[in-house]
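J.: Let me give you the structure first, and then I'll get to my questions.
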Amino acid sequence: MIHHCVRFTIKPGTTPTQLEDALASLRNQGEVIPSVHSFLVGRDHGGEYEWGATFQIADLEGYWEYLIHPAHRRTDEIGLPFVDKFVSFDITDDPDPAYGDKIAALHRRRFDADPGLTELVSSLNRYEGSAAPGRHAV
């Protein structure tokens, strides 16, 4: 099982309607992407981030389906323009020590195939996560 987690803060000046549209789109991902077994979207109460989401996905095949699903891409377009800081990480119970590299490869594949997405993520003030693109690449 993979627990895909994101945490983020919103840019000053973002309206309540813009924020709610982004959160609703995150919830929609959990509802419509077939590989998502369960999900949670809400306030983050453990550090410097304001909001967070988790999506539970069975395996790498399902993770790829999640990454490229149109509902996920729509959330990127709706939400990323209002995000200031963002972190993405994954927790898995798979014993394969190379599993993280496999997840990162899926992210790289997605970014390589979608320059518009890479541009959206590159415009964030801070982005940390698997296979960070553009100016956030490590």
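J.: Relative contact order (percent) for region 1-68, with alpha-carbon contacts under 8 angstrom and 6 or more residues of separation?
T.: Computed over region 1-68, the figure is 43 percent.
J.: With the contact rule set at Cα under 8 Å and sequence spacing of 6 or more, what percent relative contact order holds for the chain?
T.: 30 percent
J.: Name the most mobile residue of Pro34, Pro115, Pro16, meaning the one with the largest mean-square fluctuation, in a Gaussian network model of the chain with Cα contacts below 10 Å.
T.: Among Pro34, Pro115, Pro16, the largest mean-square fluctuation in the Gaussian network model of the chain belongs to Pro16.
J.: In what order, largest first, do Thr17, Thr75 sit by accessible area if the probe radius is 1.4 Å?
T.: Thr17, Thr75
J.: In whole Hz, with x marking every Gly and Pro, tabulate ³J(HN,Hα) for region 85-94 from phi via Karplus 6.51 cos²θ - 1.76 cosθ + 1.60, θ = phi - 60°.
T.: Those phi angles translate into 10, 8, 10, 10, 8, 10, 10, 9, 9, 6 Hz.
J.: If the chain between Ala113 and Asp59 were fully stretched, how many nm would it gain, using 0.36 nm times the residue separation less the Cα-Cα distance?
T.: 17.3 nm
J.: For n ≥ 4 DSSP H runs only, could you compute -39500 (n - 2.57) per run for the chain, divide by its residues and tell me the 222 nm figure to the nearest 500?
T.: One gets -13000 deg cm²/dmol as the mean residue ellipticity at 222 nm.
J.: Most fluctuating residue of Val32, Val121, Val83 in a GNM of the chain with Cα springs under 10 Å: which is it?
T.: Result for the chain, Cα springs under 10 Å: Val32 fluctuates most.
J.: Another one. Ignoring ligands, DNA and RNA, what percent of the accessible area of the chain is carbon or sulfur (1.4 Å)?
T.: In the chain, the share of accessible area belonging to carbon and sulfur is 55 percent.
The values are calculated or read from the model by the stated rules, or taken from the named source; none is laboratory data. Keep in mind that what you see is a predicted model, and the values were worked out from it rather than measured. Areas reflect the complete protein model, heavy atoms only, side chains present, ligands, DNA and RNA absent. Shrake-Rupley method; radii C 1.70, N 1.55, O 1.52, S 1.80 Å.
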